[in-house]
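Undergrad: I'd like to ask you about the structure that follows.
The values are calculated or read from the model by the stated rules, or taken from the named source; none is laboratory data. Keep in mind that what you see is a predicted model, and the values were worked out from it rather than measured. All Cβ positions, glycine included, derive from the backbone under ideal geometry; neighbour counts span all protein chains shown. We work out accessible area using only protein heavy atoms, side chains counted, and drop any ligands, DNA or RNA first. Shrake-Rupley method; radii C 1.70, N 1.55, O 1.52, S 1.80 Å.
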Amino acid sequence: MSRIAGAIALVVAGWLAVVVALTFGSAPGKSMAIVGPQSQALAAIAKANGRILASNDYVTIARSDDVGFVARLYSAGALLVLDAEQAGGCSGLPPLSSLRAKRSNPSLG
């Protein structure tokens, strides 16, 4: 049983390493999900010159048109940064398309 648990842990760690590594290659202007305490994520986004799109207790969605946003987030104290559009269902936040619709039409919510 411990071999199975070890194998599962290894697969999950490998998957997470690949996802985090790919995030560094994200194009400018992509939405990023910053996972961690809200206050820490908001502070990191401000220091990294990003724009906050949505936030809850543990996931904050932000964007920057500048190259190197992900690296700046990590150096500013972000715990985990993922591509928000790929991680979408895991965040518990509404899809970005509904956030954009609400921003462009305040009567939606």
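Undergrad: Tally time: how many residues in the range 43-73 are of a type outside the set (Lys, Arg) and open to solvent by 60 Å² or more (accessible area, probe 1.4 Å)?
TA: 8
Undergrad: Within the range 17-37, take every residue that is free of Cβ contacts under 8 Å to residues at least 12 places away in the same chain and of a type in the set (A, V, I, L, M) and give me the one that is farthest from Val81 (Cα to Cα).
TA: Ala27
Undergrad: Continuing with the same structure: Within the bounds of the range 14-31, is there any residue that is open to solvent by less than 50 Å² (accessible area, probe 1.4 Å) and at pLDDT 90 or above?
TA: yes
Undergrad: Out of the range 38-78, which residues are touching a residue at least 40 places away in the same chain (Cβ under 8 Å) and out of contact with any helix residue (DSSP H, G or I) (no Cβ under 7 Å at 6 or more places or on another chain)?
TA: Phe69
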